[in-house]
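This report concerns only the one structure given below.
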Amino acid sequence: MQLQANLNALRTAIPYIRAYKGRVFVVKLGGQLCEPGKILDNLVDQLALLHQLGIKLVVVHGGGPQADALAARLDVPVRVFAGRRITDDATLEVVKMAFAGTVNTNVVSAFRKTGVPAVGLTGTDGGLLTAQKRPPQNLRDPASGETRDVDFGHVGDIVAVNVEMLKHLLAGELVPVICALAADAAGQLFNVNADTVAAHLAVAVGAAKYFLISNVDGVLRDPRDPGTLQSYLDLAGLDELLEAGAISGGMLPKLASCRDALAGGVPRVHIINGLVQDTLLGEVFTNEGCGTLIVAKRNGQKNGNAEATAK
């Protein structure tokens, strides 16, 4: 019975394998998932399997928790307004060490255990990302209700993407692992939102899928009730949830990056919970999936016929 179940599962996966072989998936890992241990190992094991099946991967990671922990050890104050980190001179040094050093090395090392050749990068390498300083903004903090002008310091917005280096790495069967640092033409370094980096890269490489993997199951109609998970949304449905006030907090910038990716031509965006074992494989290789799939315009079932819809 178990053998037959395994064979049936393999048969179910075959159309998806055939559809996505040779295509590019961009995967963004939340920083909380990037600590060495079982969670990171399980995620990288799943990514390694996709790589071995011929799917090309670009991995982008966050590092907020690691940067906060390092800042505490170095006695550097962490300043955040409206959920966004203010990056002064000292904080920029912290995020450089945490993102490009600790977290990037940990993720690449996890790939090494699987035998998959990964390459650790920042957005400055090979002119991958060009950023400019974010201008001061007048913002309201939803948590406190305070509204004020905020200068985020060394925080950048992406103005250009050059993926020639990534194309060479992917052609050589390497997995780029990228942290969210970028520079301007003069070499000034900036802290950039990792979700934004991943969305820009997904558009630039013509990704078939863009995955946001964090510690939430997906988009919930009621954040307090896991049973209200929305497994399949389009932009119209997403707007309805926003207008109803069902989405708030850290999910807002994630969904903004999803919208940017879809607007740029990425056909499918997925939000899944990396704390749950094998959710990535379940989302890729089954019609039911394990999280939330977002498309520009809804058409039929969640994943539908993979061979027909993967174009």
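What follows is calculated from the coordinates using simple rules that are stated; it is not laboratory data. Note that this is a predicted model, so its numbers are computed, not measured. Every residue, glycine as well, gets a Cβ built from its backbone with ideal geometry; the counts of neighbours run over all protein chains shown.
Taking THR196, THR292, THR114 in turn, the Gaussian network model of the chain (Cα-Cα springs below 10 Å) assigns the largest fluctuation to THR114. In this structure, the amide hydrogen of PHE81, modeled 1.01 Å from its nitrogen in the peptide plane, lies closer than 5 angstrom to those of ILE86, counting only residues at least 5 positions away or on a different chain. Taking the charge dipole of the chain about its Cα centre, with +1 at Lys and Arg Cβ atoms and -1 at Asp and Glu Cβ atoms, the residue from GLY206, THR91, THR228 reaching farthest to the positive side is GLY206. Shape annotation for the range 208-311: C-alpha extents along the principal axes are 36, 30, 20 Å, from largest to smallest.
Based on DSSP H segments of at least four residues, each scored -39500 (n - 2.57), the chain has a per-residue ellipticity at 222 nm of -11000 deg cm²/dmol. Taking all Cα-Cα distances within the chain, those exceeding 32 Å account for 25%.
About its Cα centre, the dipole of the range 170-311 is roughly 200 debye, where the only charges are +1 on Lys and Arg Cβ and -1 on Asp and Glu Cβ. When the GluC sites (Glu not before Pro) in the range 90-175 are filtered for DSSP coil states and for at most 14 other beta-carbon atoms within 10 Å of their beta-carbon, the remaining sites are GLU146, GLU173.
Using the structure shown, select from LYS133/LYS167; LYS167/LYS297; LYS113/LYS167; LYS28/LYS56; LYS56/LYS133 the pairs with a Cα to Cα distance greater than 21 angstrom. Beyond 21 Å between Cα atoms: LYS133/LYS167; LYS167/LYS297; LYS113/LYS167; LYS56/LYS133. Charges were assigned to the Cβ only: +1 to each Lys and Arg, -1 to each Asp and Glu. The resulting dipole of the range 57-121 about its Cα centre is roughly 260 debye.
With the highest mean first, a sort of the peptides 227-238, 37-48 on other beta-carbon atoms found within 10 angstrom per residue produces 37-48, 227-238. Amide H to amide H distances under 5 Å link GLY120 with VAL177, where only residues 5 or more positions off or on other chains count and H is placed in the peptide plane. Sequence gap at least 6, Cα distance under 8 Å: using those rules, report the relative contact order of the chain to the nearest whole percent. That works out to 21 percent. Dipole check for the range 138-185: with +1 at the C-beta of Lys and Arg, -1 at the C-beta of Asp and Glu, and the Cα centre as origin, the magnitude is about 120 Debye.
Which trypsin sites (Lys or Arg not before Pro) in the range 46-123 sit in a loop by DSSP (not H, G, I, E or B) and have at most 14 other Cβ atoms within 10 Å of their own Cβ? Loop-located and lightly packed - none at all. The 3J(HN,Hα) values that the Karplus relation (6.51, -1.76, 1.60; θ = phi - 60°) gives for the range 165-174 are, in residue order, 4, 4, 4, 5, 5, 5, 5, x, 6, 9 Hz. Gly and Pro appear as x. Backbone amide hydrogens, once placed in the peptide plane, bring ALA131 within less than 5 Å of VAL159, ALA183, ASP184, excluding anything fewer than 5 places away on its chain. Once C-alpha pairs closer than 8 Å and six or more residues apart are averaged by separation and normalised to the residue number of the range 208-311, the relative contact order reads 38 percent. Judged by the ratio a/c of the largest to the smallest principal axis of the C-alpha gyration tensor, the range 82-229 counts as oblate, that ratio being 1.5 or greater while a/b is no larger than b/c. Quick one: plug the Kirkwood hydrodynamic radius of the range 181-224 (C-alpha pairs) into Stokes-Einstein at 20 °C, 1.002 mPa s, and report D in µm²/s. Approximately 164 µm²/s, per Stokes-Einstein.
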